[in-house]
Amino acid sequence: MNSDTSRPVPPAGPPWSRLVPGARVVVRRRLTAAERAAARAERRGAVWTDVLGFVLTASDDGVRVRTDPRPGRGEPEEVWVSAHLVVSVKPVPPRPERRR
């Protein structure tokens with residue numbers, strides 16, 4: 001608790017810096033200038049994109065995620081999201097089991 005108020009003091013650093021490696025998360029990030037220009041050229045008008053995967057590392061500088069593509073939709077990739085591009089990070093549950 002903060003001695004000046006009755007509210008708890010939040011931990012230092014950005015929220016993603018406290019993520020545990022191996023946690024499944026979705027990271028919403030801003031598009032870079034080049035990505036925004038490409039989106040406009042394709043008439044998509046996107047401002048951000050989501051990265052779904054497992055935390056490899058997290059620090060004040062950003063978060064590294066191994067993507068979790070759907071089966072048959074490509075291979076996992078390592079993606080580094082710099083702190084200045086992170087909009088939000090949320091934990092997500094494990095991928096549901098495939099129905100037979």
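Cβ under 13 Å from TRP16's Cβ, TRP16 left aside: what net charge do those residues give with Lys, Arg +1 and Asp, Glu -1?
Working: positive: ARG18, ARG28, ARG29, ARG64, LYS90; negative: ASP60, ASP61.
Charge balance in the 13 Å sphere: +3.
Given Cα positions, please report Rg to Rh for the chain, the hydrodynamic radius being the Kirkwood one. Display every interim value, and only then the final one.
Values: Rg = 16.7 Å, Rh = 15.4 Å.
Value, to two decimals: 1.08.
Can you tell me the FRET efficiency between TRP80 and GLU42 if r is taken as the Cβ-Cβ distance and R0 is 30 Å, rounded to the nearest 0.05?
On the way: r = 24 Å, r/R0 = 0.81.
Between TRP80 and GLU42 the formula returns 0.80.
Taking the chain as a Gaussian network, Cα atoms linked when under 10 Å apart, which of ARG28, ARG18, ARG70 shows the biggest mean-square fluctuation?
Of ARG28, ARG18, ARG70, the most mobile in the Gaussian network model is ARG70.
Kindly provide the helix-only [θ] at 222 nm of the chain, computed as the sum of -39,500 (n - 2.57) over DSSP H runs of four or more divided by all residues, to the nearest 500 deg cm²/dmol? Display every interim value, and only then the final one.
Details: 1 runs with 9 residues, N = 100.
Rounded to the nearest 500, it is -2500 deg cm²/dmol.
Read-outs throughout are calculated quantities, based only on the coordinates presented, and are distinct from any laboratory measurement. From a predicted model like this one, the values you see are computed outputs, not experimental measurements. Positions of Cβ are generated from backbone atoms using ideal geometry, with glycine treated the same way; all protein chains shown enter the neighbour counts.
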